[in-house]
Every structure is written in C-alpha cells, then in structure tokens.
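The values are calculated or read from the model by the stated rules, or taken from the named source; none is laboratory data. The shown structure was predicted, so the numbers you read here are calculated from the model rather than taken from an experiment. Neighbour counts are summed over all protein chains in view; Cβ atoms, including those assigned to glycine, are modelled from backbone coordinates with ideal geometry.
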Amino acid sequence: MATIKEIAKACGVSVATVSNVLNNKPGASEATRKLVFDMVEEMDYTPNVVAKNLKLQKTRSIGVIAEDMTIFSIPDIIDGITEQCEKVDYQILLINLRLFKKYSDTYYNKEDYYPIVHREIKKLMEKQVEGIIYVAAHERVIRCIPHKLPIPAVMAYGYTQNPHVPSVVVDDSHGAYELTKHLIQNGHKKIGVITGKSDSLHAQSRLVGYQEALFDHGILYDPGLVLEGDWTRESGYRWADSLLEKNITAIFCMNDLMAGGIYDRFMELGLRVGEDISVVGYDNRELSSYYKPPLTTIDLPLHDIGYRASELITGMLEGKEVATEDQVCAVGCHMLIRESVKNIT
C-alpha cells in the first residue's frame, strides 16, 4: 500500500502539498490537485484514518452498551443509533452485557451489576471512544453511568436522573392517551384496564395517559376498573372474567401479551373481540397483527429512540447544547388501528 511520502515523490511535490490537497486545503493549483488525485488512484493510496484521528484526538467512534440483545426492544434501538451514526460518519463499538440471559428480570431493581457496566465503559474508553450510549432493556431509573465520566454519555430507554447525562424515553402517557381517546371516540365509556407491574414506569405513565383521556372527555375515573397484571399472557387471561363482571365494553391491556390472554379467555367463553368486547394493547409485538381479529395497539418508537440518542451524543461531541426538559427527551408513539375495536355510538 502506497504512503503519502511515495505519492509526493511520484508527483514531484512536497508531503505537505499532498496532505493539503487530500484535506481540501487551499494553496495548490488545479494542475497539481489533478496530478495528486490521479496518482492517488493509480497507486491505490488509502489514508491512515486511525493515525489521523489519533493525531487530532478524535476517533469518531461511539461506545454502545446494550443490556441484552435478546430483548425485543433493543435491536430496533441499536438500528436507530447505527443509522444516525452512519449519516454523520461515526462508527459504533457494541457491547452486549447479556443481563437478561444471566439474571432474567431480577436485575431491573438491583445495582449489583453496575461494576460490570463500569468495567465495560473503561474498556471502551481504552479504545478511544468519544462518547457512550447505554441501551436499557426496560425503562426504569438506572444510575450505572459514573457521574464523573470524562466523556459525554446518553441513556436510551431509561432514566439517569443525572443532570449531565440525557435520557431518551418513550412518551408512554401520550400513547395510552391516544388509545383511550380512540376507545372513547368509538362510544366506550366503561373501559377496563390491565396494567403491568405496579413498580414499572411504563405502567405508571400509561395509567396517567388513560386517566388524562378520561378527564378530558368528562368521564369519571373508576379505580375499580383497573386491575394489576404482570405483563404475561397468563395475567390477561386471569383478569378477563373479573372485568366482564364489571360490565365494561372495552379493555385496555398495557401490553400485547396480556391482550393475548384476553383473547384466549374470550374464545373459551364464546365472546368475539371487536364485536362483543373491544380490546386494545400496547407495544406492537409482532404477534399482535396475527391475533384474530388483529389488535389495535401502540407502535413503540424504538428506532426513533436510538436515532435521537445518537443525535444527542454526536451533538454533544460537536459542542451543541442539549435542548431537553430536565435532561429527558420523550419520543412520541404511533397508534396502529386494526379490527379489535367496535364503534358502539
């Protein structure tokens, strides 16, 4: 492989002239510029980008730490990060912690895995990454990013509660509001709810959105219509009869798996979703489009969360101010209207 010195010798010019031409700096005539570029192509010269970046103390690389690549939400977030990095010519170095594989969801409310994260951050910094994006599997408060980290960091799909580390999250309350409004606009006023686990920020925000939609449409909130699930299909199945006894006309399940449990129980009872009872879900898991009838749900903006997190980190590296409220960037959701809701007006 040719060197810049060999290019200069072949062109009969100085190394500085070749360097200026390759870096699009002024000073060389058009004839000299053409000569240099022709020789670069002829001699198959490839710039030593690594050496150049190290000299400038810039590697244009971002370290991405994912909690577990097998969790459904994470691949789309990583894809969003990758797309934005490609646009601005940054590369990513990806670390997969495999936390869910090792500990299931028991690690969500613990901090004993933080030293693992700190070690991986240190390894990435040794590889000269300019920033860190931490990608969580489940939205919650996560304090695993050191407060005195010398490079910028962003949390995707989690809350840092660190004024120096922005958080990019789903606007869950907005998604729940839109679903509830859709049910109300189709004539439903007695809407049952199966929540996720009570300590889940997703469940808490979705309940707020449900309550706000009821309030805005003049419907009194009835806590007796809200039952606590645990995100599993079984919990949807378990609460189906209890909600039917309350004479609801629609059920808002806070994820698609629990909605699947409702479908299972209704089939046993001879009830038809979208005819006898309306049902909506959340998350747009792939299975939701195969339910019979297909489930009205919320498409999580996972790709957009990754893209926005990448925009924030590259912007911080370029000296831009992060314009977010309380260092939290909430990304809006998109509702997918299918056939599981009946208009009863």
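Do we have Leu207 as out of contact with any Phe, Trp or Tyr (no Cβ under 6 Å at 6 or more places or on another chain) and at pLDDT below 95 here? The answer is no for Leu207. Take Ser310 and tell me if it is in the same structural domain as Ile71 (by TED's automatic domain parsing) and in contact with a helix residue (DSSP H, G or I) (Cβ under 7 Å, 6 or more places away or on another chain). Answer is yes for this residue.
In region 251-294, the residue that is nearest to Lys181 (Cα to Cα) out of those that are of a type in the set (A, V, I, L, M) and in contact with a Cys (Cβ under 9 Å, 6 or more places away or on another chain) is Val280.
Among the residues of region 190-219, those identified as surrounded by 15 or more Cβ atoms within 10 Å (Cβ to Cβ), touching a Leu at 6+ places or on another chain (Cβ under 9 Å) and not in a strand (DSSP E or B) are Arg206, Gly209, Tyr210, Ala213, Leu214. Filtering region 122-143 to residues that are part of a loop (DSSP other than H, G, I, E, B) and touching a helix residue (DSSP H, G or I) at 6+ places or on another chain (Cβ under 8 Å) leaves Gln128, Glu130, Ala137, His138, Glu139, Arg140, Arg143. How many residues are at pLDDT 90 or above and out of contact with any helix residue (DSSP H, G or I) (no Cβ under 8 Å at 6 or more places or on another chain) when one looks only at region 35-64? Count: 1.
Just checking, does region 244-252 include any residue being in a strand (DSSP E or B), aromatic (Phe, Trp, Tyr) and either more than 30 Å from Val64 (Cβ to Cβ) or outside the structural domain of Tyr177 (by TED's automatic domain parsing) (or both)? Among the residues of region 244-252, at least one is in a strand (DSSP E or B), aromatic (Phe, Trp, Tyr) and either more than 30 Å from Val64 (Cβ to Cβ) or outside the structural domain of Tyr177 (by TED's automatic domain parsing) (or both), which makes the answer yes.
All of (1) buried (at least 24 other Cβ atoms within 10 Å of the Cβ); (2) under 20 Å from Asp105 (Cβ atoms) hold for Gly175 with one exception: (2).
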